[in-house]
1. Hey, does region 72-92 have a residue that's within 16 Å of Cys44 (Cα to Cα) and either out of contact with any Lys or Arg (no Cβ under 9 Å at 6 or more places or on another chain) or of a type outside the set (A, V, I, L, M) (or both)?
2. Taking region 86-122 as the region of interest, how many residues are touching a residue at least 24 places away in the same chain (Cβ under 8 Å) and basic (Lys, Arg)?
3. Out of Lys153, Lys96, Lys122, Lys131, report the one residue that is part of a loop (DSSP other than H, G, I, E, B) and either at pLDDT below 85 or surrounded by 13 or more Cβ atoms within 10 Å (Cβ to Cβ) (or both).
4. Within region 36-54, how many residues turn out to be surrounded by fewer than 21 Cβ atoms within 10 Å (Cβ to Cβ) and in a helix (DSSP H, G or I)?
5. Would you pick out the residues in region 56-80 that are surrounded by 15 or more Cβ atoms within 10 Å (Cβ to Cβ) and of a type outside the set (S, T, N, Q)?
6. What number of residues within region 49-85 are farther than 19 Å from Arg31 by Cβ and at pLDDT below 90?
7. Quick one: what pairs do we get from region 21-40, first residue touching a residue at least 12 places away in the same chain (Cβ under 8 Å), second of a type in the set (Asp, Glu) and in a helix (DSSP H, G or I), C-beta under 7 Å, 6+ apart or different chains?
8. Could you check region 109-127 and list, in sequence order, the residues that are of a type outside the set (A, V, I, L, M, F, W, C) and either in contact with a Phe, Trp or Tyr (Cβ under 8 Å, 6 or more places away or on another chain) or closer than 10 Å to Thr35 by Cα (or both)?
Amino acid sequence: MQEEIKADGEQRGSARGEERMKRLESGALAREARTIASMIELYCRAHHGTKSGLCPECEELNAYARKRLSCCPFGQDKPVCAKCKVHCYKPAMREKIGAVMRFAGPRIIFVHPLLSLEHLWKSLTVTPPEKPRAKPRTQTIRATPEAVSEEQKKN
């Protein structure tokens, strides 16, 4: 029984994850995904000596960055990471991605000029929105038996 419930939860979780990853197929998030992938590739080539593709460590970082990007609460209105008020990355990953951005940021203009100019334009023009607040939850509060009996006495 518990295995069925666990399997059902995993299926719903994977479906939700696939739905989120579809956000990276078009729009501003797709451009952000291409930019970060290009930066990681440039960093990996320079620091880990890969000729094509990524080393396992950088592949893991790229997958993590794509996952966090797909879950961004701002969606297509996402500001650049440097101006964002929400920290999406775990501290260890934030340190790694910071090193990648510090190295690849100035060099990416020579490899992908359009992506870098779009990123620069976005960093200059887009004002970061406030932190998104959680949607208010609507809960049905069940009355206790004592409260029900008091209600009945009043009526």
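1. Quick first cut of region 72-92, residues within 16 Å of Cys44 (Cα to Cα) only: none.
No: region 72-92 contains no residue that is within 16 Å of Cys44 (Cα to Cα) and either out of contact with any Lys or Arg (no Cβ under 9 Å at 6 or more places or on another chain) or of a type outside the set (A, V, I, L, M) (or both).
2. Taking region 86-122 as the starting set, the residues that turn out to be touching a residue at least 24 places away in the same chain (Cβ under 8 Å) are 86, 89, 93, 96-97, 99-101, 103-105, 107-108, 111-112, 115-116, 118-119, 122.
Subset that is basic (Lys, Arg): 96, 107, 122.
Number satisfying all stated conditions: 3.
3. Details: Lys153 fails: part of a loop (DSSP other than H, G, I, E, B); Lys96 fails: part of a loop (DSSP other than H, G, I, E, B); Lys122 fails: part of a loop (DSSP other than H, G, I, E, B).
Criteria check complete, one pass: Lys131.
4. To start, the set of residues in region 36-54 that are surrounded by fewer than 21 Cβ atoms within 10 Å (Cβ to Cβ) comprises 37-38, 42, 45-54.
Filter once more, so that each one left must be in a helix (DSSP H, G or I): 37-38, 42, 45-48.
Residues in region 36-54 being surrounded by fewer than 21 Cβ atoms within 10 Å (Cβ to Cβ) and in a helix (DSSP H, G or I): 7 in total.
5. Filtering region 56-80 down to residues surrounded by 15 or more Cβ atoms within 10 Å (Cβ to Cβ) leaves 58, 61-62, 64-66, 68-70, 72, 74, 78-80.
The answer is Cys58, Leu61, Tyr64, Ala65, Arg66, Arg68, Leu69, Cys72, Phe74, Lys78, Pro79, Val80.
6. The number of residues fulfilling the criteria is 6.
7. Arg31/Glu118
8. The first filter runs over region 109-127 and keeps only residues of a type outside the set (A, V, I, L, M, F, W, C), leaving 112-113, 116, 118-119, 122-123, 125, 127.
Listed by number, the residues that qualify are His112, Ser116, Glu118, His119.
The values are calculated or read from the model by the stated rules, or taken from the named source; none is laboratory data. For clarity, every value in this text was computed on a predicted model and none was experimentally measured. Here Cβ is always computed from backbone atoms with ideal geometry, including for glycine, and neighbour counts include all displayed protein chains.
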